[in-house]
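Everything below concerns the one structure shown next.
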């Protein structure tokens, strides 16, 4: 019977997979998105960062656009040594909107 690998062992020829990582953690931010359907289109906005909005034919496309903008704002703030200008608490939902929360890794 084969023994399970010992998680305390480091990389070697007998154990070719490294255990753990010395890589820096990837920043993760919570993205609060509000979506609404109107006239055959989906409209969305980020509720916890100002000025991020998108519209499109389906929810997936809109959310992809919003997340890309969200990542750009967050990455830019980090590159400049700061943090994003969070809206805290996030804007309230408007009539007809539904909330989606996404953890976003940069």
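One table, with the values for the structure above:
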| item | result |
| --- | --- |
| Hits in the range 19-38 (condition: surrounded by fewer than 15 Cβ atoms within 10 Å (Cβ to Cβ) and under 17 Å from the mean Cα position of the chain (by Cα)) | 25, 26, 27, 28, 30 |
| Subset of the range 69-106 [in contact with a helix residue (DSSP H, G or I) (Cβ under 7 Å, 6 or more places away or on another chain) and assigned to a loop (DSSP other than H, G, I, E, B)] | 83, 84, 106 |
| Filter pass, residue 66 being surrounded by 12 or more Cβ atoms within 10 Å (Cβ to Cβ), modelled with pLDDT of 95 or more, on the phi < 0 side of the Ramachandran plot and in a strand (DSSP E or B) | no |
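Residues checked against (1) within 13 Å of the chain's Cα centre (by Cα); (2) farther than 22 Å from residue 105 by Cβ; (3) exposed (fewer than 12 other Cβ atoms within 10 Å of the Cβ):
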site: 40; (1), (2), (3): no, yes, yes
site: 47; (1), (2), (3): no, no, no
site: 57; (1), (2), (3): no, yes, yes
site: 60; (1), (2), (3): no, no, yes
site: 70; (1), (2), (3): yes, no, no
site: 78; (1), (2), (3): no, no, no
site: 87; (1), (2), (3): no, no, no
site: 91; (1), (2), (3): no, yes, no
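The values are calculated or read from the model by the stated rules, or taken from the named source; none is laboratory data. Not measured: the values here are computed from a predicted model. Ideal geometry is used to build each Cβ from the backbone, glycine not excepted, and the neighbour counts take in all protein chains shown.
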